[in-house]
Amino acid sequence: MKKIIFLTLFTTISCFAQNTISFEEGSISPKATLADVAWIEGHWQGEAFGGITEEIWSPPLGGSMMFSFKLVTDGKVQFYELGHIQQIDGSLLLQLKHFHGNLRGWEEKDETVDFKLNKIEGNRIYFDDFTFERINENEINVYVVVGNKDGTSEEVKFNYKRR
């Protein structure tokens with residue numbers, strides 16, 4: 001009986017964050033191009049963190065796909081993200097910067113938050129703790145590992161519908 005409980009608990013914990021993969025130090029990102037991720041292009045909207053979330057992705061141009069993200073709760077912008085997926089050295093790199101609702105940056109002027117590509121498999125693109133999943137032409141999921149104020153982290157799912 002103890003084995004069954006342990007196995008169930010292990011399976012439950014293991015499944016909790018199975019949508020993201022951490023990039024292991026010393027690993028090399030696989031070969032990929034923007035054509036592999038071009039399906040992200042579009043205007044997407046969903047709900048998370050008690051509010052409305054919106055992402056707008058441009059088509060590939062100039063070696064990158066640019067995006068903006070916005071979280072609105074209680075009728076006010078809580079924060080923005082601006083960034084891109086850039087094609088570099090035969091692979092892809094997701095980079096972003098955070099901004100408060102008043103456009104004051106979270107990161108230092110020359111700093112970005114970077115997510116190296118882990119793999120592309122089927123309908124999923126795995127960056128470091130950041131995964132895009134294509135459900136169909138008009139729906140995607142984005143899974144992100146976020147840090148909590150208490151120092152722990154958790155995987156958050158954003159479900160988006162095309163606008």
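Among the residues of the range 10-18, none qualifies, meaning not one is open to solvent by less than 40 Å² (accessible area, probe 1.4 Å) and at pLDDT 95 or above.
May I ask you to verify whether ASN141 is over 19 Å from TRP57 (Cα atoms), in a strand (DSSP E or B) and open to solvent by less than 40 Å² (accessible area, probe 1.4 Å)? In short, no. Candidates SER64, SER58: the one that is within 19 Å of GLU137 (Cα to Cα) and either of a type in the set (Ser, Thr, Tyr) or at pLDDT below 95 (or both) is SER58.
Applying the criterion of being over 14 Å from the mean Cα position of the chain (by Cα) and aromatic (Phe, Trp, Tyr) to the residues of the range 39-56, the residue that is nearest to GLU81 (Cα to Cα) is PHE49. Looking across the range 37-76 at every residue that is farther than 21 Å from LYS119 by Cα and hydroxyl-bearing (Ser, Thr, Tyr), the one that is least open to solvent (accessible area, probe 1.4 Å) is identified as THR53.
Does at least one position in the range 101-114 carry a residue that is open to solvent by less than 40 Å² (accessible area, probe 1.4 Å) and assigned to a strand (DSSP E or B)? Scanning the range 101-114, I find no residue that is open to solvent by less than 40 Å² (accessible area, probe 1.4 Å) and assigned to a strand (DSSP E or B), so the answer is no. Got at least one residue in the range 95-118 being touching a helix residue (DSSP H, G or I) at 6+ places or on another chain (Cβ under 8 Å) and within 24 Å of TRP39 (Cα to Cα)? Checking the range 95-118: not a single residue is touching a helix residue (DSSP H, G or I) at 6+ places or on another chain (Cβ under 8 Å) and within 24 Å of TRP39 (Cα to Cα).
The values are calculated or read from the model by the stated rules, or taken from the named source; none is laboratory data. Everything numeric in this text was worked out from a predicted model, so none of it was measured. Neighbour counts run over all protein chains shown; Cβ positions are idealised from the backbone, glycine included. Side chains included, ligands, DNA and RNA excluded: accessible areas come from the protein's heavy atoms. Shrake-Rupley method; radii C 1.70, N 1.55, O 1.52, S 1.80 Å.
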